[in-house]
Amino acid sequence: MNKNKQATAKSSFEEAGRKIIRQIKHAEHIEPSEIHPLWIEIENRIRPSSVPKNKPVRLIISIAASIAILLSAGTFYLYKNIQTQNLTTALLDGKRLQEVGNDILLVSENGELKLKDESSIQYESDGQVNVNGSIEKDALSEKKAGDNICELIVPKGKRASITFSDGTVMYINSDTRVIYPAVFKKKVREVLVDGEVFLDVNKDLSRPFVVKTKGFNVKVSGTQFNIHSYRNEAISSVVLVSGGVEVETGNKNKTILQPNQLMEITGNNVNVKEVNVFEYVCWKDNMLSLNDKSAGDILERLSRYYGRTIIYDDEVRKVLSISGKLDIKETAEEAVEVVCLSLSLKYTVDENNNIVVTLK
């Protein structure tokens, strides 16, 4: 490769890199000063002081390696490099949740660990992790635990809980990803969520607790609240049980919620109203509220909760539900049967084990 071709390749890479950096900043609202150190590091990788004329392949390999590093914006390498500023770019990678299968997966920089349904994960103040009461000394303990960025992936049909290093407890609903440090920083406690979680935050006025999602951030010092924010759903919400929270949306507007208030977020539009918070947090106690929901809404929630495909048409979707609550500790068929009896519907199970709901 001659010098002109080398320069062209390098220039093309740099332009592609800058484009990706711009996308990251736009998607996650990262200030230029925060992303700059990452770009400088990548530039240094592709800008050696001199390239021997007889070894052009090294430059190609260097550029290719740097492209691979930059394009893995959702991997541990990238958000490890920017964790001193924030972790938000980790949510740009939305593939792992769909690829994880039926197992809960706990991932750290040391490896992966498959977990059972309703597993309980607890972090000590030094980052040591306990799973269901047992210390994990193998897959997750090769590296100093406190330096780890961790990811918990909970697929449809499963649930889990985390007790963080500060004592904060998070209940995690089905089809949810959570990204967090094994040990929180001295000035801020920060986690990322794609899905639904309920948090009981341990009060610490010197270190705010921040939950970041696809379209908004929630900042608290100590409180109980629920976040519903799935990246494939247009409407997200925050429900406050006790204490106070500050919600910052993508347009930088901030809203302070009071107990028993619900904030619905659609893009940059927000709506705050008084609600019965039980209806929004009872999922963590294996209950589902039926109030003011259509049959479609209920069946979608049951499908996610049980990890089962539930098939129905528009006529079924629009059927209005009755008031009440549904115990979802039983099987998917039993829960669907209760809904069908209440709404004058019927169901069958097809040859692929899908639940099919129709009008009677």
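No value in this document is a laboratory result; all are computed from the given coordinates. Note that the coordinates shown come from a computational prediction; the quantities given were computed from them, not determined experimentally. Note that each Cβ is placed from the backbone with ideal geometry, even for glycine, and that neighbours are counted across all protein chains shown.
Can you tell which of Gly267, Met287, Asn253 lies farthest toward the positive end of the dipole of segment 248-298, using +1 and -1 charges on the Cβ of basic and acidic side chains (Lys, Arg; Asp, Glu)? Looking along the dipole axis, the top candidate is Asn253. Counted residue by residue at 0.36 nm each, then reduced by the alpha carbon distance between them, the extension gain from Asn276 to Asp327 reaches 16.6 nm. How large is log10 I(q)/I(0) at q = 0.18, 0.20, 0.27 Å⁻¹ when the Debye formula is applied to the Cα atoms of segment 286-359, each weighted equally and without solvent? Log-scaled intensity ratios, in q order: -0.60, -0.76, -1.48. Computed from the Cβ-Cβ distance with R0 of 41 Å, the FRET efficiency linking Glu300 to Lys186 stands at 0.50.
Roughly speaking, what is the stretch gain from Asn269 to Ile135, that is 0.36 nm per residue apart minus the C-alpha to C-alpha distance, in nm to one decimal? Write out the running numbers ahead of the final one.
Values: separation 134, 0.36 × 134 = 48.24 nm, distance 4.47 nm.
Here the segment from Asn269 to Ile135 would lengthen by 43.8 nm.
For each pair in Lys219/Lys329; Lys203/Lys252; Lys114/Lys219; Lys116/Lys203, compute the distance between the two Cα atoms and list the pairs where it is over 28 Å.
On the way: Lys219/Lys329 32 Å; Lys203/Lys252 25 Å; Lys114/Lys219 31 Å; Lys116/Lys203 30 Å.
The pairs that break the limit, which is 28 Å between Cα atoms, are Lys219/Lys329; Lys114/Lys219; Lys116/Lys203.
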